[in-house]
Amino acid sequence: MSKVAVIIPARDEEKALPLVLRDLPPNVIDRVIVVDNGSRDRTAAVARAAGAEVVSEPRPGYGRACLKGLAHLRAQPPEIVLFLDADHSDYPEEASLLLGPIDHDAADFVLGSRALGRREKGAMPGHARYGNRLICLLIRILFGHRYTDLGPMRAIRYSRLLELEMRDIGYGWTVEMQIKAVRNRLRIREVPVSYRRRVGKSKVSGTISGSLGAGFKMLWVIARSLLLSG
Ligand SMILES: Nc1nc2c(ncn2[C@@H]2O[C@H](COP(=O)(O)OP(=O)(O)OP(=O)(O)O)[C@@H](O)[C@H]2O)c(=O)[nH]1
Ligand SMILES: [Mg+2]
């Protein structure tokens, strides 16, 4: 297996994070980076206790946390980066499903699709499911690739990820990566992943303001991508 680094953006996830770190398959992962995103709880301490490398990004922002994790990897680049949320909604033990196609050189970017996988009832509220579908439909119409989800669990070849020059500091991060992967002609694959109710309090999809904010941000990333293409 190639050298694999995991980046986990985490904001106030002291309860969920130990479970995520516990469930990561040790035989396929070389480095675990937890980006402590201005947490007001013991997120950093529980990550360290579980043996993860902890990087601090005090300013909130999902994309900003991911970018900080990538900057941390620059000194010793891995071959593959796996992104995973810290709320224990994803199943870290499914990591190999995403890493396999890249390791076998059959893909550069593997998206874990919750739409194709098994979802626990209530794990994704209706508006999140329909919102994701709408964004995927727009990407299909405007950029010509048929994604089924915008899920957080995803693996990507490090060298190809650098080519994407990612810059979104918020919840546009996943959409930006998916659009740029199409644009840059990465070999894209989706695999079904399971999804369950998060541990701890929802910050995004469980609140109206969080959902609207994330939705508008995604639409803005799509608009910006169109403008940049001229
Ligand atoms: N909300 C939020 N989450 C962040 C931030 N930085 C990192 N995260 C992490 O990003 C992941 C996604 O956040 P979630 O709150 O799970 O968002 P979601 O999955 O869309 O929706 P819920 O699980 O319903 O809250 C979690 O691991 C957070 O800890 C940030 O600035 N804001
Ligand atoms: Mg979540």
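A few notes on this one:
- DSSP-defined beta bridges in the chain - what % are antiparallel, rounded to 5: 25 percent
- With the highest mean first, a sort of the peptides 60-68, 79-87, 117-125 on other beta-carbon atoms found within 10 angstrom per residue produces 79-87, 60-68, 117-125.
- Proximal lysine pairs, region 116-230, alpha carbons under 21 Å, eight or more residues apart or interchain: 4
- For region 1-148, the dipole from Cβ point charges (+1 on Lys and Arg, -1 on Asp and Glu) about the Cα centre works out to 560 debye, to the nearest 20.
- Among 190-200, 219-229, 132-142, the order from most to least packed when residues are scored by Cβ within 10 Å on average: 190-200, 132-142, 219-229
- Rounded, prolate or oblate (a/c below 1.5 giving rounded, otherwise prolate when a/b exceeds b/c) for region 104-230 by Cα gyration tensor: oblate
- Overall form of region 167-230 per C-alpha gyration tensor (a/c, 1.5; a/b vs b/c): oblate
- If you sort the three axes of the alpha carbon gyration tensor as a ≥ b ≥ c, you get a/c of 1.5 or more for region 1-90 and a/b no higher than b/c, which makes it oblate.
- Residues THR207, THR43, sorted so that the one with the fewest Cβ neighbours within 10 Å comes first: THR207, THR43
- For the peptides 155-168, 173-186, the ranking by mean Cβ contacts within 10 Å, running from highest to lowest, is 173-186, 155-168.
Any read-out appearing in this document is the output of simple, stated calculations on the displayed coordinates, not a laboratory observation. From a predicted model like this one, the values you see are computed outputs, not experimental measurements. Positions of Cβ are backbone-derived with ideal geometry, glycine not excepted, and every protein chain shown enters the neighbour counts.
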